[in-house]
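The values are calculated or read from the model by the stated rules, or taken from the named source; none is laboratory data. Not measured: the values here are computed from a predicted model. Using ideal geometry, Cβ is built from the backbone for each residue, glycine included, and neighbour counts are taken over all protein chains shown. In case anyone asks, the SASA skips ligands and DNA or RNA and just uses the protein heavy atoms, side chains included. Shrake-Rupley method; radii C 1.70, N 1.55, O 1.52, S 1.80 Å.
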Amino acid sequence: MHRLFGFLVRWAGLLVVPGGALWALSPIGASISETAFGTPNVFWKLFPSAPLLVLVGLVGLQLRQSGGILEKAGFWLASLGLVLVVAGGTGLFWLGLDDTFIMTAPAYRSFRLGLLLLGAGAILFGVAAPRDGDLPTWGLLPFVVGSLCGLVAFIVDLGSFGTVLWMLFGLGWVWLGFSLAVDGLLSWRAGRSSRGGVAEG
Amino acid sequence: MTNRTLTRRDFLKVAGAGAAGAATLGAAGCGTFTSQLTQLPEEYLPSGGSRMNVVLVIIDSLRKDHVGAYGSRTVKTPNLDEIAKGSLRFTRSYPEAIPSIPARRGIHTGIRAFPFRNWEKWYSEDVGLWGWQPIPRDQTTLAEILSEEGFYNLFVTDTLHQFRPFYDFHRGFHAFHFVRGQERDFFRPQTSESKKKIEEALIGGPNASHAEEIMLQYYANTLGRGREEDWFAPQVFLKGMEFMEAAKGSQPFFLTVDVYDPHEPWDPPEKYTNMYSDGYGGPEPVTSSSGTSDWMTEAQLERMRALYAGEVTMMDAWLGNFMQRAEELGLMENTMFVFLSDHGHAFGEHGYAGKVVTALYPELTDIVFMIKHPQGKGAGQTSDFFVSTHDVTPTILGSLGVEPPAPLQGQNVTPLLEGGEPEEARPYFTAGYHDHVWARDDRYAMFARYDGAEAKLFDLENDPKMDKNISSANPGVAKKMFTDYVLKDAGGPLPSY
């Protein structure tokens, strides 16, 4: 049981792949929802699943890391951002919070604030992680670029160009998860050859 | 810690996978990046934020001097007066174009209808006044902009000229309702019974045959009315309440309530007329037959004023019910209200009755304009900024923090709500009505024909009601106002048709 838990924790980081993919595809989802239902909000109701998957994945990644202060700060900032994005989206599209408090718009403000924290936190995490932890540099570099793109798109609505930046943000997470998988595969192969060597010796 | 050294072979594998992915994307149509950009969705953020609702109330033909808050001591408008207490009230408000349709073009687009370039009459039955035409297709309406911003837009009106679909005033509204039957709306067939009612009306004056045509149709449209709710202003505000209730679940919303009363014909329920008149026994002067007023006796003119005042009070009463409903729905704290009229109406002042093109006096040009902000900004204060109909769109957009897709000619006057100043000073103002133009500044008011001829000039400091024409003694002033104000605003000589 303990081993299973350890295994799940170790590989939970891979959840950033589906989370990031959903994030990257979300503008298309909103567009399809607009065409099919006359409102993008049908899709936006489903959107919190993307940051939720990323959040679980991020926790998984962090648990693998030894982690320095900067990386931890990035992790907590990004996690808080993701929580706010999920809470904001739920409040906005499921609970209708802003329908009642339209002037203060707590759900929408949470959502937008969450995006900013997420963007900033992801950059910090990506920059600090290679120094502090065991995530591969080749996976983190595109992730940082994607996070930077995301932060720009979160700060100001840039239309079609912003959509590209938004998608790159999601793809950054996908790439990070992909690098984790490749790295894991390499480690597993290296471990197997090393065990094989002992047997032969 | 595991050995994470990336061998050359491993790197090539990863790079190969990446290249394959990129190639797949390319095959899927990435082609040129620029062309792809244009096909991508423009929306990637959900809509929302501090978006208050907006309710725009347009009241046709409401004279400024017939509202208590603007100084009327005779006409009862308790609800408009109460609204004024919680609003920023503009004391120098004028339509940039008269009458109903040109004024509404400016209201809905933020772009002036004056100087009426490229005007054409759209169909044989249409009103043949310059600028009276549909909203041009290349102009974006306020409702269209707000729709893009995620607002749920609703429109209710009995202003009949907007009913023909090609007039396009319903563009951008998710739901619109036309209350049929006002004036000469071809709503119900005329019958012998309805035709007989024409005997009750006072028909005469310079446009008698047109007035009779209107009344024959109007009586057909209104035959059999019983309860007060059957009158037009109540119908409009009741539908507005119904729309408001529905919209509460789709906030933020933009609701336009465009009420034609107190436009003629004036036939309010008796209880309203009785507030202003008694002992009159002749045919009812329910319409003014626009022109000189000397065809009516003083008693008939008085009765006409009473009928108009009664209709103002009826409209005000139902506006009050509408505001009460907004309060009950809990919308006062997150809804901005804009109230304005489109023009006034003459009742014998200066020898005219109706909306006479050559008589651009305060009874016709002065309008009501108030903004009630949900946070009480500007409440109970006044502004003498020359505000106009085409300022409505930029003001509403400005208050919501929405950038218009193209520059507008009107100004965002929301800074005035917080004691500031609009972006550009407006030391004078100009307006157009058919083949006549009007201009004023702090000192003078002037109106003339489109070519500057027949100019009349008035000293507003000493003659605010514009009773004494001083143009012959000050020809330079009138000419300067025409050249420096009218022609400047028009961007050159005015067209004529």
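Here are the numbers for this structure:
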read-out: Residue satisfying all of: in the range A:93-139; at pLDDT 85 or above, open to solvent by 10 Å² or more (accessible area, probe 1.4 Å) and not in a helix (DSSP H, G or I); nearest to the other protein chains (Cβ to nearest Cβ) among these; value: A:Gly96
read-out: B:Pro95 being away from every other protein chain (no Cβ under 14 Å) and crowded, with 23+ Cβ neighbours inside 10 Å; value: yes
read-out: Residue match in the range A:19-28 (condition: assigned to a helix (DSSP H, G or I) and surrounded by fewer than 17 Cβ atoms within 10 Å (Cβ to Cβ)); value: yes
read-out: Strands (runs of 3 or more DSSP E) within the range B:391-497 that include 1 or more residues touching a residue at least 40 places away in the same chain (Cβ under 8 Å), open to solvent by 20 Å² or more (accessible area, probe 1.4 Å) and touching a strand residue (DSSP E or B) at 6+ places or on another chain (Cβ under 9 Å); value: B:436-440
read-out: Boolean, B:Val55 is surrounded by 23 or more Cβ atoms within 10 Å (Cβ to Cβ), farther than 30 Å from A:Asp157 by Cβ and either at pLDDT below 80 or touching a helix residue (DSSP H, G or I) at 6+ places or on another chain (Cβ under 9 Å) (or both); value: no
read-out: Number of positions in the range B:39-64 that are in contact with a Pro (Cβ under 7 Å, 6 or more places away or on another chain) and either away from every other protein chain (no Cβ under 14 Å) or among the charged types (D, E, K, R) (or both); value: 4
read-out: Scan of the range B:347-390 for residues that are more than 20 Å from B:Asn469 (Cβ to Cβ) and aliphatic (A, V, I, L, M), ordered by number; value: B:Ile367, B:Val368, B:Met370, B:Ile371, B:Ala379, B:Val387
read-out: Pairs, first touching a residue at least 60 places away in the same chain (Cβ under 8 Å) in the range A:40-53, second in a helix (DSSP H, G or I) and open to solvent by 10 Å² or more (accessible area, probe 1.4 Å), C-beta under 7 Å, six or more apart; value: A:Ala50/A:Leu22; A:Pro51/A:Val86
read-out: Failed item in (1) in contact (Cβ under 8 Å) with a residue 60 or more places away in the chain; (2) more than 14 Å from chain A (Cβ to nearest Cβ); (3) surrounded by fewer than 21 Cβ atoms within 10 Å (Cβ to Cβ), with B:Lys248 passing the rest; value: (2)
read-out: Leading residue by the ranking (nearest to B:His210 (Cα to Cα)) among those in the range B:258-301 that are crowded, with 17+ Cβ neighbours inside 10 Å and charged (D, E, K, R); value: B:Glu264
read-out: Some residue of the range A:40-49 being under 22 Å from A:Ser179 (Cα atoms), more than 9 Å from every other protein chain (Cβ to nearest Cβ) and open to solvent by less than 50 Å² (accessible area, probe 1.4 Å); value: no
read-out: Criterion (at pLDDT 95 or above, assigned to a helix (DSSP H, G or I) and either open to solvent by less than 80 Å² (accessible area, probe 1.4 Å) or of a type in the set (D, E, K, R) (or both)) met by exactly one of A:Leu171, A:Leu186, A:Leu180, A:Leu151; value: A:Leu151
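Yes/no per residue for (1) out of contact with any His (no Cβ under 9 Å at 6 or more places or on another chain); (2) without any contact (Cβ under 8 Å) to a residue 24 or more places away in the chain; (3) closer than 28 Å to B:Phe163 by Cα:
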| residue | (1), (2), (3) |
| --- | --- |
| B:Thr74 | no, no, no |
| B:Leu80 | yes, no, yes |
| B:Leu88 | no, no, no |
| B:Thr91 | yes, no, no |
| B:Ala97 | no, no, yes |
| B:Arg112 | no, no, yes |
| B:Ser124 | yes, yes, yes |
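This table checks each residue for (1) modelled with pLDDT of 95 or more; (2) among the basic types (Lys, Arg).
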site	(1), (2)
B:Leu12	no, no
B:Ala27	no, no
B:Arg63	yes, yes
B:Val67	yes, no
B:Phe90	yes, no
B:Ile101	yes, no
